[in-house]
Amino acid sequence: TFQNLDSSEISITDVSHYYDSDPTKVVEGLRDDKKKPMSLMADTTTANAQVRTLSETVRLDARTKLLNPKFYEGMLDTGYEGVREIQKRLRNTMGWSATAGEVDNFVFEDANDTFINDTEMQQRLLDQNPNAFRDMVTTFLEANGRGYWDTSDDNIERLQELYAEVEDRIEGI
């Protein structure tokens, strides 16, 4: 399968239509041998166009945006909407797991370390946008529940407890 990236302003985790229209698992299901097709992305955002595997592109996007301190700190500087943007990027990254199975475990693990295990960061996210933070916790739980992210049972238990705490705060309990 093949997709073209033609804008440096919109990456593969900015909007859901990139993974919504990715046919990787559909083609795999249609093949008699059930082999997963190779998925490639053409990056034509500069004069030096490059073709990368989808897995490489997802890793690059995660490192340059979701897991990049300059990116997420810039988002946090904008407040409420910035937290929603971080959550949206995490959700769209999970979308690539669902449609193509091309997200490495380290992406979820590093995002969990950055946004959940760091109590100061956790508090910043919660204070700026509790609903988006709750959705972030939900995304981690869903990624694990669907088998996209392998993490410890202790971590899942902590996420479940955190979800209940955040839900109570949102509901005013």
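The values are calculated or read from the model by the stated rules, or taken from the named source; none is laboratory data. Treat the numbers as computed from the prediction; the structure is a model and nothing was measured. Positions of Cβ are backbone-derived with ideal geometry, glycine not excepted, and every protein chain shown enters the neighbour counts. Remember, those area values only see protein heavy atoms, side chains included, never the ligands or the DNA or RNA. Shrake-Rupley method; radii C 1.70, N 1.55, O 1.52, S 1.80 Å.
Things to note:
- Being closer than 19 Å to ASP118 by Cβ, open to solvent by 80 Å² or more (accessible area, probe 1.4 Å) and at pLDDT 80 or above holds for only one residue in LYS70, LYS65, and it is LYS70.
- The residues of region 152-173 that are open to solvent by 70 Å² or more (accessible area, probe 1.4 Å) and more than 20 Å from the chain's Cα centre (by Cα), listed by number, are ASP153, ASP154, GLU157, GLU161, GLU165, ARG169, GLU171, ILE173.
- Hits in region 34-75 (condition: in a helix (DSSP H, G or I) and either in contact with a helix residue (DSSP H, G or I) (Cβ under 6 Å, 6 or more places away or on another chain) or among the hydrophobic types (A, V, I, L, M, F, W, C) (or both)): LEU54, VAL58, LEU60, ALA62, LYS65, LEU66, PHE71, TYR72, MET75
- Output for region 76-102, where each listed residue is closer than 19 Å to GLY147 by Cβ, in contact with a helix residue (DSSP H, G or I) (Cβ under 6 Å, 6 or more places away or on another chain) and of a type in the set (A, V, I, L, M, F, W, C): LEU90, MET94, TRP96, ALA100
- Any chance TRP149 is outside any helix (DSSP H, G or I) and surrounded by 21 or more Cβ atoms within 10 Å (Cβ to Cβ): yes
- Selection of region 103-139 for residues being touching a Phe, Trp or Tyr at 6+ places or on another chain (Cβ under 8 Å), surrounded by fewer than 22 Cβ atoms within 10 Å (Cβ to Cβ) and under 24 Å from SER39 (Cα atoms) yields ASN105, GLU109.
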